Amino acid sequence: MCTMLWRGGWEESVWNSHNTSPIVRSLCRPRLRLQRRPKLPKVEPMPDVRVRFAPSPTGSLHVGGARTALFNWLYARHTSGKFVLRIEDTDKKRSTPEAVQVIFDGLKWLNIDWDEAPLFQSERLSAHKDAVAALLQNGSAYRCFCAPETIVADRQAAEKRGEGYSYPRTCLNLNEADIQAKLDAGEPYAVRFKIPEGVTEFNDAVLGLISTPNKDIDDFILLRRDGTPVYMVAVVADDAHQGVTHIIRGEDHTTNTPKQILLYQASGLPVPQFAHIPLILGPDKKRLSKRHGATSVLEYRADGILAEAMRNYLALLGWSPGDDREVMSLDELIAAFDLDRLNKSGAVFDETKLEWMNGQYISTLPIDVIWQNIEPHLTKALTEKNIPLPDAETGLQFAELYRERLRSFREAPQKLLLFFKDPSEYDEKTVRKRWKQDSPDHLRLLQQKLEELPNWDHDRLEELLNSLADRLGLGRSKLIHPLRLALTGGAASPGIFAVMVLLGKDCCLRRIRLALERIK
RNA sequence: GGCCUGUUCGUCUAGUGGUUAGGACGCCGGCCUCUCACGCCGGUAACACGGGUUCGAGUCCCGUACGGGUCACCA
């Protein structure tokens with residue numbers, strides 16, 4: 001009863017009614033605390049959501065990154081907020097302009113558009129330096145003159161002892177005079193964040209309340225000896241600069257979050273809402289990586305996966321609409337997407353299901369689009385084999401025939417090859433099953449009839465075969481199967497008459513002749 | 001190892017104290033049918049384990065096991 005009232009939209013009257021007995025209230029109220037995740041402080045209309053995708057351009061657009069981008073984008077579109085991009089290219093050694101382009105291409109392919117000009121993190125260098133300077137100024141940070149070599153050695157020693165290492169704060173205890181002296185002597189220094197006492201907490205939209213004692217957080221570096229600010233500074237400064245309200249990112253960032261929150265606080269910046277989404281796993285349940293095979297979205301594009309299918313599949317990894325829908329349009333995804341239905345545990349990337357979904361999308365496509373997608377794959381395969389390309393009209397017929405027989409466009413050439421090359425061998429199992437004693441006679445009869453057929457079209461061919469079967473007193477499949485084997489070399493193909501039309505009269509007769517030679 | 005965190009069919013998931021634990025992919029069987037594919041129908045298969053709390057636990061609490069993440073003057 002309680003549930004029904006609670007969900008039925010009458011809770012206003014129930015809660016506000018002075019007649020409601022205290023017993024009913026006390027029975028109902030605990031439900032509020034049984035929420036699995038603490039609810040976010042959700043303001044009803046949220047016109048000012050700003051989310052971002054902040055990849056570092058070091059390689060390709062990984063499916064994990066693509067999903068992160070997608071979730072951010074869906075959330076922005078769902079809330080009528082903004083989705084912005086930031087290219088984290090401060091690591092000059094690893095960042096390339098090509099990789100930036102690859103990210104743009106991948107996002108565009110998936111139809112993930114961004115609302116403002118992308119921010120290149122490297123261009124914000126001076127702002128990041130200023131941010132560190134301000135922290136130094138207000139006492140949240142301090143100069144560290146310790147030699148990196150010493151620290152590395154200490155850390156390794158601690159590791160060897162099986163202990164954790166944290167900076168012993170030697171330089172925090174330096175007095176003004178010491179510091180000034182070192183500065184005057186031109187000693188190089190890094191800047192460290194002075195982690196305050198206490199506990200840092202945040203309410204993650206996915207993980208719930210995360211609480212970290214500050215003593216577990218090291219006085220991490222903000223500014224390197226060479227004067228360049230570190231990632232932690234850059235993200236916080238840039239997220240604040242870009243007005244990001246919700247940070248939806250991979251779970252691998254959870255342990256960074258307390259550090260960043262401390263930085264927000266020390267800098268007097270508002271702390272955004274965090275949502276850490278679980279990672280995408282390989283079949284071995286380990287984080288998906290290159291050794292699992294294709295990990296870049298562009299590889300999937302090259303393999304003949306449709307953007308719609310990839311997007312739909314990705315949306316369902318770690319999120320679900322709450323009902324049984326799976327194949328969903330973009331609009332449906334946008335309408336249904338919300339942070340509170342995000343999952344907590346990692347999801348294995350299942351290529352088989354992706355391909356199934358791709359097949360679903362392929363079969364809804366207009367045939368000219370299907371042909372457009374098949375063509376490059378077919379062209380490549382035929383060119384390698386020195387086989388001339390089909391014209392567009394034939395292509396459309398292929399598309400029609402294979403619309404519901406393809407799960408990815410990559411498999412098209414292999415399936416279509418039968419139209420371009422006479423069988424060089426006949427599937428052994430099928431031969432045993434379909435070529436019987438009287439098959440040669442039947443094939444010869446067919447050959448003869450076909451030769452005389454004036455109009456080579458689907459219905460004439462079917463009539464011809466039907467009447468021959470009648471005359472022989474056979475079921476027509478008794479003729480069709482040996483014929484299919486003769487024409488295609490195998491047991492499976494689209495409808496035999498459609499295949500014959502596409503093959504053409506000469507080709508069919510030739511292949512029957514070849515088969516007859518082979519049967520002997 | 002410390003810290004964080006997760007665990008429902010093989011896989012993706014639904015599930016917010018009372019369900020024959022639902023759906024999807026895959027697999028198996030059947031129907032349709034000239035085969036394949038599509039489609040339709042049916043089947044297989046799961047609450048990691050152990051303690052609590054409760055009349056009642058997949059759902060709440062504690063522990064164990066196993067998995068993942070993270071521990072840089074990388075991002």
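The values are calculated or read from the model by the stated rules, or taken from the named source; none is laboratory data. These figures come from a predicted structure and were not determined experimentally. Positions of Cβ are backbone-derived with ideal geometry, glycine not excepted, and every protein chain shown enters the neighbour counts.
Can you pull out the residues in the range A:138-152 that are of a type outside the set (Val, Ile, Thr) and either exposed (fewer than 12 other Cβ atoms within 10 Å of the Cβ) or within 12 Å of RNA strand B (Cβ to nearest atom) (or both)? Can you show your working first?
Initially, the range A:138-152 is screened for residues of a type outside the set (Val, Ile, Thr), giving A:138-149.
Answer for the range A:138-152, where residues must be of a type outside the set (Val, Ile, Thr) and either exposed (fewer than 12 other Cβ atoms within 10 Å of the Cβ) or within 12 Å of RNA strand B (Cβ to nearest atom) (or both): A:ASN138, A:GLY139, A:ARG143, A:CYS144, A:PHE145, A:CYS146, A:ALA147, A:PRO148, A:GLU149.
Answer yes or no: is there a residue in the range A:307-318 that is surrounded by fewer than 16 Cβ atoms within 10 Å (Cβ to Cβ), of a type in the set (A, V, I, L, M) and either in a loop (DSSP other than H, G, I, E, B) or away from RNA strand B (no atom under 16 Å from the Cβ) (or both). Walk me through it before giving the result.
Taking the range A:307-318 first, the residues surrounded by fewer than 16 Cβ atoms within 10 Å (Cβ to Cβ) are none.
No, there is no match, as no residue in the range A:307-318 is surrounded by fewer than 16 Cβ atoms within 10 Å (Cβ to Cβ), of a type in the set (A, V, I, L, M) and either in a loop (DSSP other than H, G, I, E, B) or away from RNA strand B (no atom under 16 Å from the Cβ) (or both).
Restricting to the range A:265-300, name every residue that is part of a strand (DSSP E or B) and either farther than 21 Å from A:GLY243 by Cα or within 16 Å of RNA strand B (Cβ to nearest atom) (or both).
The first filter runs over the range A:265-300 and keeps only residues part of a strand (DSSP E or B), leaving A:273-277, A:280-281, A:287, A:296.
Selection gives A:PHE274, A:ALA275, A:HIS276, A:ILE277, A:ILE280, A:LEU281, A:ARG287, A:SER296.
Quick one: in the range A:364-379, of everything that is surrounded by fewer than 18 Cβ atoms within 10 Å (Cβ to Cβ) and β-branched (Val, Ile, Thr), which residue is farthest from the chain's Cα centre (by Cα)?
Across the range A:364-379, the extreme among qualifying residues is A:THR379.
Has the range A:208-223 got at least one residue that is within 8 Å of RNA strand B (Cβ to nearest atom), more than 26 Å from A:ARG94 (Cα to Cα) and in contact (Cβ under 8 Å) with a residue 60 or more places away in the chain?
Among the residues of the range A:208-223, at least one is within 8 Å of RNA strand B (Cβ to nearest atom), more than 26 Å from A:ARG94 (Cα to Cα) and in contact (Cβ under 8 Å) with a residue 60 or more places away in the chain, which makes the answer yes.
Mind checking which residues of the range A:195-235 are assigned to a loop (DSSP other than H, G, I, E, B) and either out of contact with any strand residue (DSSP E or B) (no Cβ under 8 Å at 6 or more places or on another chain) or surrounded by fewer than 17 Cβ atoms within 10 Å (Cβ to Cβ) (or both)? Explain how you work it out, then say what you get.
Step one: of the range A:195-235, the residues assigned to a loop (DSSP other than H, G, I, E, B) are A:195-198, A:205-207, A:217-220, A:224-228, A:230.
Correct list: A:ILE195, A:PRO196, A:GLU197, A:GLY198, A:ASP218, A:ARG224, A:ARG225, A:ASP226, A:GLY227, A:THR228.
Free of Cβ contacts under 8 Å to residues at least 40 places away in the same chain and under 15 Å from the mean Cα position of the chain (by Cα): which single residue out of A:THR295, A:THR352 fits that description?
Values: A:THR295 fails: free of Cβ contacts under 8 Å to residues at least 40 places away in the same chain.
None of the other options fit; the residue is A:THR352.
So is A:ARG471 touching a residue at least 12 places away in the same chain (Cβ under 8 Å), of a type outside the set (Ser, Thr, Tyr) and more than 13 Å from RNA strand B (Cβ to nearest atom) or not? Don't jump to the end; show me each part of the working.
Details: touching a residue at least 12 places away in the same chain (Cβ under 8 Å): no; of a type outside the set (Ser, Thr, Tyr): yes; more than 13 Å from RNA strand B (Cβ to nearest atom): yes.
No.
A quick yes/no check of all residues on (1) at pLDDT below 95; (2) surrounded by fewer than 17 Cβ atoms within 10 Å (Cβ to Cβ); (3) not aliphatic (A, V, I, L, M):
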position: A:THR68; (1), (2), (3): no, no, yes
position: A:TRP73; (1), (2), (3): no, no, yes
position: A:ARG77; (1), (2), (3): no, no, yes
position: A:VAL84; (1), (2), (3): no, no, no
position: A:LYS92; (1), (2), (3): yes, yes, yes
position: A:PRO97; (1), (2), (3): yes, yes, yes
position: A:ASP105; (1), (2), (3): no, yes, yes
position: A:ILE112; (1), (2), (3): no, no, no
position: A:ASP115; (1), (2), (3): no, yes, yes
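Name the single residue, out of those in the range A:380-396 being under 32 Å from the mean Cα position of the chain (by Cα) and under 18 Å from A:LEU503 (Cα atoms), that is surrounded by the fewest Cβ atoms within 10 Å (Cβ to Cβ).
Restricting to residues being under 32 Å from the mean Cα position of the chain (by Cα) and under 18 Å from A:LEU503 (Cα atoms), the top hit is A:LEU396.
Quick one: would you say A:ILE367 is of a type outside the set (D, E, K, R), touching a Lys or Arg at 6+ places or on another chain (Cβ under 6 Å) and more than 8 Å from RNA strand B (Cβ to nearest atom)? Before you say what the answer is, go through the steps one by one.
Details: of a type outside the set (D, E, K, R): yes; touching a Lys or Arg at 6+ places or on another chain (Cβ under 6 Å): no; more than 8 Å from RNA strand B (Cβ to nearest atom): yes.
Against the criterion (of a type outside the set (D, E, K, R), touching a Lys or Arg at 6+ places or on another chain (Cβ under 6 Å) and more than 8 Å from RNA strand B (Cβ to nearest atom)), A:ILE367 does not qualify.
Can you tell me which residue within the range A:415-439, out of those that are modelled with pLDDT of 95 or more and part of a helix (DSSP H, G or I), is surrounded by the most Cβ atoms within 10 Å (Cβ to Cβ)?
Among residues in the range A:415-439 that are modelled with pLDDT of 95 or more and part of a helix (DSSP H, G or I), the one surrounded by the most Cβ atoms within 10 Å (Cβ to Cβ) is A:LEU416.
Is at least one residue of the range A:243-251 part of a strand (DSSP E or B), more than 8 Å from RNA strand B (Cβ to nearest atom) and more than 23 Å from the chain's Cα centre (by Cα)?
no
Take A:SER95 and tell me if it is in a loop (DSSP other than H, G, I, E, B), within 16 Å of RNA strand B (Cβ to nearest atom) and either closer than 20 Å to A:TYR264 by Cβ or among the hydroxyl-bearing types (Ser, Thr, Tyr) (or both). Steps first, answer last, please.
Numbers: in a loop (DSSP other than H, G, I, E, B): yes; within 16 Å of RNA strand B (Cβ to nearest atom): yes; either closer than 20 Å to A:TYR264 by Cβ or among the hydroxyl-bearing types (Ser, Thr, Tyr) (or both): yes.
Judged against the criteria, A:SER95 is a match.
Take the range A:153-163 and flag every residue that is under 19 Å from A:PHE193 (Cα atoms) and surrounded by fewer than 11 Cβ atoms within 10 Å (Cβ to Cβ). Lay out the reasoning, then the answer.
To start, the set of residues in the range A:153-163 that are under 19 Å from A:PHE193 (Cα atoms) comprises A:155.
None - no residue of the range A:153-163 is under 19 Å from A:PHE193 (Cα atoms) and surrounded by fewer than 11 Cβ atoms within 10 Å (Cβ to Cβ), so the list stays empty.
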